[in-house]
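Here's the structure we're looking at; comments come further down.
The values are calculated or read from the model by the stated rules, or taken from the named source; none is laboratory data. Quick caveat, the model's predicted, so the values are computed rather than measured. Glycine gets a Cβ as well: all are built from the backbone with ideal geometry, and neighbour counts include every protein chain shown.
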Amino acid sequence: MRVLTALLLLLLLAHGGAEARREGRGRRERTRGRRKANTVKRFTASCKEYTEGGEKFLDCQDRRLTAVLLGWPEDIEHLLLARNRIQALQDNTFSHFRNLRSLDLQQNEISLIEEGAFSGLSKLTTLLLQHNQLQVLTEAMLIPMPGLTYLRLHDNPWKCGCQLDSLVRFLQVPSNRYMGTYAKCVEPTGQRGQKLKTLDAKFLCSDRMEVQHILPQPPGIQKQPDATSLCHTYVFPKPLLDCKGRELKTIPTDIPASIVKMDLSFNSITQLMPKEFVAVKDLKLLNLSSNGLERIDTAAFAGLLYLRELDLSNNSLHYFNYGVLEDLYYLRMLSLGGNPWICDYNIHYLIYWLKHHPAVDYTGLVCSEPEEFRGWPVENYVKTYNAECPKDKQLGQQMGTGTTSQELIAETDEEPNLLPSPLRKKPDKFEIFRLS
Ligand SMILES: *[C@@H]1O[C@H](CO)[C@@H](O)[C@H](O)[C@H]1NC(C)=O
Ligand SMILES: *[C@@H]1O[C@H](CO)[C@@H](O)[C@H](O)[C@H]1NC(C)=O
């Protein structure tokens, strides 16, 4: 078998050599064709092709690619090339992907895009170029893509001078509101941190820009870290903001509104302020694990109506302020392990809330203090607390008349103690809530 393979190889080599020596043009083309076919097999094998929601994806992320290779399937609708080593995009790089609707080129090393690089992409709606090395681009590059709606350009070292004039003017057209939103100038120094969207375009090609150099920068412009330059954003399969382990002390500003998952784990965020997440209304997963969190403001999670998973594990939380969880209507998973929960009256709000949201799957709610309850599930601690108060039990029995269900009696006999003080004074209100 091996001998045969060797023989075949030799034959092929000899043949190829003979062909190369010939001058005939057609012959050479054919040889090239064969080489191309080999490339096809090798590279489609290393990229992942799949169909999701009836749409065709080619996932070539993290492949150390330096170029777009020939032979990739041409009927794909989404091409994922994030985290490769592409430095330049030549004319017609993508022209055979006629069906392409999104193209993810983020986190490469792109510093040059030729004007015709995207020609042929007439169906493209999403183009991601964030986290690259681009300094200048012109509007001409965008002309082949009339349907383009989403264009990400942030975290590139934009040089805000005359060469950027046409792009900046294009981005500032009101109908292009989802394009280049978070991109900022790095040069000239006088414009550093200015958004391309809001830059005064008429100075780009004038000397005034130079004059502005000298003006001192207003203090305090960069006081909070901003999400788009510090963290990585991904669009597939879900819009994710990955801020894991970035040494953050506060929640970053400028979080893109479209984000659905946010990973803030392994930072140093010790407290959450009011309304930290109101701008990210679609958030479904928020991961704040391993931060040393000590305090969460009552309004910290305000507006997170669609949050389904909240990971607060491995922090320094003792209890939840009354009301912290009130906006989280659709929460399904709550990870609470690895926190020093203190089993005293303050913890009752959490148990009360969990009782009223039975669909929430929670983990890790264990007392660490006081000594006598250490290692107890917090629910068990709350039960003993209630058992010690026979007076409340009598009250509960009085409230539950013969016609109400056993369940209500059972609930009411526990509830007066579970209720945090502001509600405890109004038993009527709480009863209506239970029945509905
Ligand atoms: C949150 O992040 C930690 C560490 O990065 C990870 O182990 C955990 O699974 C994440 N939680 C969720 C709910 O995704
Ligand atoms: C818990 O968080 C600390 C930092 O606050 C980190 O050093 C440690 O690795 C984390 N432990 C786990 C199990 O994630």
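A few notes on this one:
- Scope the range 230-264; condition of a type in the set (Ser, Thr, Tyr) and buried (at least 18 other Cβ atoms within 10 Å of the Cβ); matching residues: Thr233, Tyr234
- Every pair of residues 6+ apart whose Cβ atoms lie under 7 Å, when the first sits in the range 273-299 and is within 16 Å of Leu325 (Cα to Cα) and in the same structural domain as Leu312 (by TED's automatic domain parsing) while the second is more than 11 Å from ligand 1 (Cβ to nearest atom) and among the acidic types (Asp, Glu): Met273/Asp297; Pro274/Asp297
- Qualifying residue in the range 257-265 (condition: over 25 Å from Tyr362 (Cα atoms) and away from ligand 2 (no atom under 16 Å from the Cβ)): yes
- Selection status of Ser268, surrounded by 15 or more Cβ atoms within 10 Å (Cβ to Cβ) and closer than 23 Å to Thr233 by Cβ: no
- For the range 236-254, the set of residues classified as under 15 Å from Leu288 (Cα atoms) and part of a loop (DSSP other than H, G, I, E, B) consists of Cys243, Lys244, Gly245, Arg246, Glu247, Leu248, Lys249, Thr250, Ile251, Pro252, listed by residue number.
- Top-ranked residue in the range 295-320 [being closer than 20 Å to Ser368 by Cα and within 16 Å of ligand 1 (Cβ to nearest atom); ranked as farthest from the chain's Cα centre (by Cα)]: Leu317
- Residue satisfying all of: in the range 264-294; within 14 Å of ligand 1 (Cβ to nearest atom) and among the hydroxyl-bearing types (Ser, Thr, Tyr); nearest to the chain's Cα centre (by Cα) among these: Ser265
- Which numbered condition Thr363 fails, given (1) at pLDDT 90 or above; (2) surrounded by 14 or more Cβ atoms within 10 Å (Cβ to Cβ): (2)
- Residue among Asn315, Asn267, Asn346 that is in contact with a Cys (Cβ under 9 Å, 6 or more places away or on another chain) and either in contact (Cβ under 8 Å) with a residue 12 or more places away in the chain or over 25 Å from Lys244 (Cβ atoms) (or both): Asn267
- Taking the range 287-390 and the strands (runs of 3 or more DSSP E) fully enclosed by it, no element has 2 or more residues that are within 16 Å of ligand 2 (Cβ to nearest atom).
- Selection within the range 246-275: residues that are among the charged types (D, E, K, R) and within 13 Å of Leu310 (Cβ to Cβ). The member of this set that is modelled with the highest pLDDT is Asp263.
- Answer residue from the range 138-148, given it is within 23 Å of Val235 (Cα to Cα) and in a loop (DSSP other than H, G, I, E, B) and is nearest to the chain's Cα centre (by Cα) among those: Leu148
- Scope the range 235-264; condition β-branched (Val, Ile, Thr) and free of Cβ contacts under 8 Å to residues at least 24 places away in the same chain; matching residues: none
- Subset of the range 117-146 that is modelled with pLDDT of 90 or more and among the small types (Gly, Ala, Ser) - its residue that is surrounded by the fewest Cβ atoms within 10 Å (Cβ to Cβ): Ser122
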